[in-house]
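The values are calculated or read from the model by the stated rules, or taken from the named source; none is laboratory data. Because the structure is predicted, anything quoted here is derived from the model rather than measured. Neighbour counts run over all protein chains shown; Cβ positions are idealised from the backbone, glycine included. SASA here: full protein model, heavy atoms, side chains in, ligands and nucleic acids out. Shrake-Rupley method; radii C 1.70, N 1.55, O 1.52, S 1.80 Å.
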Amino acid sequence: DTGVSQDPRHKITKRGQNVTFRCDPISEHNRLYWYRQTLGQGPEFLTYFQNEAQLEKSRLLSDRFSAERPKGSFSTLEIQRTEQGDSAMYLCASSLAGGNTIYFGEGSWLTVV
Amino acid sequence: SQQGEEDPQALSIQEGENATMNCSYKTSINNLQWYRQNSGRGLVHLILIRSNEREKHSGRLRVTLDTSKKSSSLLITASRAADTASYFCATDGVNNNDMRFGAGTRLTVKP
């Protein structure tokens with residue numbers, strides 16, 4: 001495993017359904033980040049973990065969104081009661097703490113119909 | 001909220017020409033990173049420059065950083081059609097531990 005892995009790559013769901021995305025970071029990385037990106041825009045920060053602790057959450061992360069990193073390795077991002085405005089690409093990234101390079105996965109595309 | 005802002009928003013050049021993209025940011029930083037993104041794909045890290053550095057090179061890439069002006073530039077020399085992509089700068093704040101991105105520059109290199 002040489003990179004950040006995200007699953008699923010694509011998800012189409014009906015409005016009101018719950019969806020969960022998984023991210024497996026680079027194995028020795030203790031920081032894990034979630035971003036959201038819509039067409040034509042840059043990634044927007046959602047939240048990040050250092051080990052299993054969620055250290056910062058964006059105001060974009062409404063109470064329908066929850067992220068976990070229970071053992072300090074993989075992370076999940078759950079969106080409850082999806083809305084059409086949630087349609088976006090959800091990007092996971094990881095790094096070592098201390099101002100190091102952040103590496104991104106290929107993203108998980110969500111389409112809410 | 002976004003931190004970096006790239007300029008121009010779009011750039012179209014001929015293969016072989018140089019492409020220069022600029023990034024401005026608002027608060028003090030520890031480092032600034034440039035990324036590339038092909039349509040529908042994840043972001044690929046290009047180069048990291050720390051706040052105490054002024055210039056870095058990597059292959060055909062040259063990045064400068066001017067902390068007094070809170071700006072950075074990315075120069076791609078001898079561009080190729082395969083360089084067509086969106087380019088983003090990302091900054092951390094001195095008190096932030098995550099990276100904040102601008103809206104990107106969409107570069108098109110015509111063969």
Give the residue that is least open to solvent (accessible area, probe 1.4 Å), with candidates limited to residues of the stretch A:94-105 that are facing chain B (nearest Cβ under 8 Å) and under 11 Å from the mean Cα position of the chain (by Cα).
A:105
Give just the number: which of (1) free of Cβ contacts under 8 Å to residues at least 12 places away in the same chain; (2) of a type in the set (A, V, I, L, M, F, W, C); (3) touching a strand residue (DSSP E or B) at 6+ places or on another chain (Cβ under 7 Å) does residue A:23 not satisfy?
(1)
Scanning for something touching a residue at least 40 places away in the same chain (Cβ under 8 Å), buried (at least 22 other Cβ atoms within 10 Å of the Cβ) and farther than 18 Å from residue B:37 by Cβ, does the stretch A:46-53 turn up at least one residue?
no
Please give the strands (runs of 3 or more DSSP E) falling wholly within the stretch B:23-111 in which 3 or more residues are open to solvent by less than 60 Å² (accessible area, probe 1.4 Å) and within 14 Å of chain A (Cβ to nearest Cβ).
B:31-37, B:43-50, B:85-91
Please work out if residue A:66 is in contact with a Gly (Cβ under 9 Å, 6 or more places away or on another chain), part of a strand (DSSP E or B) and small (Gly, Ala, Ser).
no
Filter result (farther than 24 Å from residue A:26 by Cα and either part of a strand (DSSP E or B) or aliphatic (A, V, I, L, M) (or both)) within the stretch A:47-60
A:60
Looking only at the stretch A:1-43, count how many residues are open to solvent by 90 Å² or more (accessible area, probe 1.4 Å), not charged (D, E, K, R) and not in a loop (DSSP other than H, G, I, E, B).
2
Condition first: assigned to a loop (DSSP other than H, G, I, E, B) and either surrounded by 21 or more Cβ atoms within 10 Å (Cβ to Cβ) or of a type in the set (A, V, I, L, M) (or both). Now tell me which residues in the stretch A:74-93 satisfy that.
A:82
